[in-house]
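Peer 1: Okay, here's the structure, questions in a sec.
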Amino acid sequence: MEGAAGYMRPRQAADAGFLIKTLFLLLVCRHVDSHCKILRCNSEYVASTLNLRGPQKSAAYCNALRSYSRCTRRTARTCRGDLAYHSAVHGIEDLMIQNKCAREGPTSPPRPPQLPAPNPQAFGSLDFCDYEKRFATKHGRPPLYQHCAAFGDPHVRTFHDEFHTCRVEGSWPLLDNNFLFAQATSYPVAKGSNATATSKLTIIFKNMKECIDQKVYQAEIDNLPAAFEDGSMNGGERPGGNSLTIHERIPGRHVEIRAAYIGTTIAVRQAGK
């Protein structure tokens, strides 16, 4: 009973090296309450802090943290016993102390990312949402990829083929960049044991220009949905929406998410019971 996640990126990435290829393998072993809405609180917080800039950044950040805290209080009843929820609550407390945010004050509603003005050239050619094609056009060859992984209780393999063991209980980030946020949740294998196993994986595909709306995917024990949290199976109604798609390989056991706009493939699998 153990969890695994992997990640691949280009060795020489185009466009400032941001674009990546990812492989996550998730092996899960325990049940988590599916009614807990902490993921929604997390995604609203991410959306409200994506583009904070300028002299009012600190005040706006504190507003976002208070909104985040209020969201967790609203879902507290259904999240009892959910380590992701309790990790978020403690994380908010730490961030408010670090940023000297008052507990009482204004809050900010979730803000959808600002969309750029339509680009007729991009709309006419969806190459903008095909990373591998753009890379090949620019460099005259396909991109190369590196791989990282997290598996077991968990063991971590870095992009540079270094291995580490991180026995951690609760929620912890696997990846956070301009395009993706991925978080794993680990639980003890047995009471009193230091060994843990991955039991939940949350992935947020962040808004990207003409290509996709922000999408959230969550996999849990015995629950590998073939759709995003909003029920959709692609990146939305933007011109490049089909550059993000979900494919069910083995019902309930293996789901593949293809994000062509960033040259990414994510596989989510359950093994064991």
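Peer 1: Would you pick out the residues in the range 198-218 that are of a type outside the set (Asp, Glu), at pLDDT below 90 and surrounded by fewer than 22 Cβ atoms within 10 Å (Cβ to Cβ)?
Peer 2: Lys209
Peer 1: Does the range 188-205 hold any residues that are over 19 Å from the mean Cα position of the chain (by Cα) and either over 23 Å from Arg253 (Cα atoms) or in contact (Cβ under 8 Å) with a residue 24 or more places away in the chain (or both), and which are they? Give the steps one after another, and end with the answer.
Peer 2: Initially, the range 188-205 is screened for residues over 19 Å from the mean Cα position of the chain (by Cα), giving 188-196.
Matches in the range 188-205: Val189, Ala190, Lys191, Gly192, Ser193, Asn194, Ala195, Thr196.
Peer 1: Then there's this: List every residue pair whose Cβ atoms lie under 9 Å apart, where the two residues are 6 or more positions apart in sequence or sit on different chains, the first residue falls within the range 245-270 and is open to solvent by 90 Å² or more (accessible area, probe 1.4 Å), and the second residue, located anywhere, is basic (Lys, Arg) and at pLDDT 85 or above.
Peer 2: Filtered contacts from the range 245-270: Arg269/Arg249; Arg269/Arg253.
Peer 1: A further question on this structure: Among the residues of the range 71-102, which ones are hydroxyl-bearing (Ser, Thr, Tyr) and farther than 11 Å from Cys36 by Cβ?
Peer 2: Of the residues in the range 71-102, the ones hydroxyl-bearing (Ser, Thr, Tyr) are 72, 75, 78, 85, 87.
If the condition is that a residue be hydroxyl-bearing (Ser, Thr, Tyr) and farther than 11 Å from Cys36 by Cβ, then Ser87 is the only one that fits.
Peer 1: Here's a follow-up. Can you tell me which residue within the range 47-76, out of those that are of a type in the set (Val, Ile, Thr) and assigned to a helix (DSSP H, G or I), is most open to solvent (accessible area, probe 1.4 Å)? Spell out how you get there, then give the answer.
Peer 2: Pass one, the range 47-76, residues of a type in the set (Val, Ile, Thr): 49, 72, 75.
Now drop any that are not assigned to a helix (DSSP H, G or I), which leaves 49, 72.
Numbers: Thr49: 36, Thr72: 6 Å².
The residue in question is Thr49.
Peer 1: Which residues, counting only those in the range 116-173, are polar (S, T, N, Q), modelled with pLDDT of 65 or more and loosely packed, with under 13 Cβ neighbours inside 10 Å?
Peer 2: Taking the range 116-173 and keeping what is polar (S, T, N, Q), we get 119, 121, 125, 137, 146, 158, 165, 171.
Now restrict to residues that are modelled with pLDDT of 65 or more: 137, 146, 158, 165, 171.
Selection gives Thr137, Thr165.
Peer 1: While we're looking at this one, here's another question. Enumerate the pairs (first residue in the range 64-80 and within 12 Å of Asn42 (Cβ to Cβ); second residue anywhere and basic (Lys, Arg) and assigned to a loop (DSSP other than H, G, I, E, B)) with beta-carbon separation below 7 Å, excluding pairs fewer than 6 apart on the same chain, so at least 6 apart or on different chains.
Peer 2: Thr75/Lys37
Peer 1: Right, another one. Residue check: is Ala88 crowded, with 19+ Cβ neighbours inside 10 Å and of a type outside the set (Val, Ile, Thr)? Don't jump to the end; show me each part of the working.
Peer 2: Details: crowded, with 19+ Cβ neighbours inside 10 Å: yes; of a type outside the set (Val, Ile, Thr): yes.
So Ala88 passes the test.
Peer 1: While we're on this one: Given the conditions (1) under 26 Å from Ala197 (Cβ atoms); (2) among the β-branched types (Val, Ile, Thr); (3) at pLDDT 75 or above, and given that Thr49 satisfies all but one, which numbered condition is not satisfied?
Peer 2: (1)
The values are calculated or read from the model by the stated rules, or taken from the named source; none is laboratory data. Quantities reported herein were computed from a predicted structural model and do not represent experimental measurements. Glycine also receives a Cβ, built like all others from the backbone with ideal geometry; neighbour counts cover every protein chain displayed. Just so you know, the surface numbers come from the protein's heavy atoms only, side chains and all, with ligands and any DNA or RNA stripped out. Shrake-Rupley method; radii C 1.70, N 1.55, O 1.52, S 1.80 Å.
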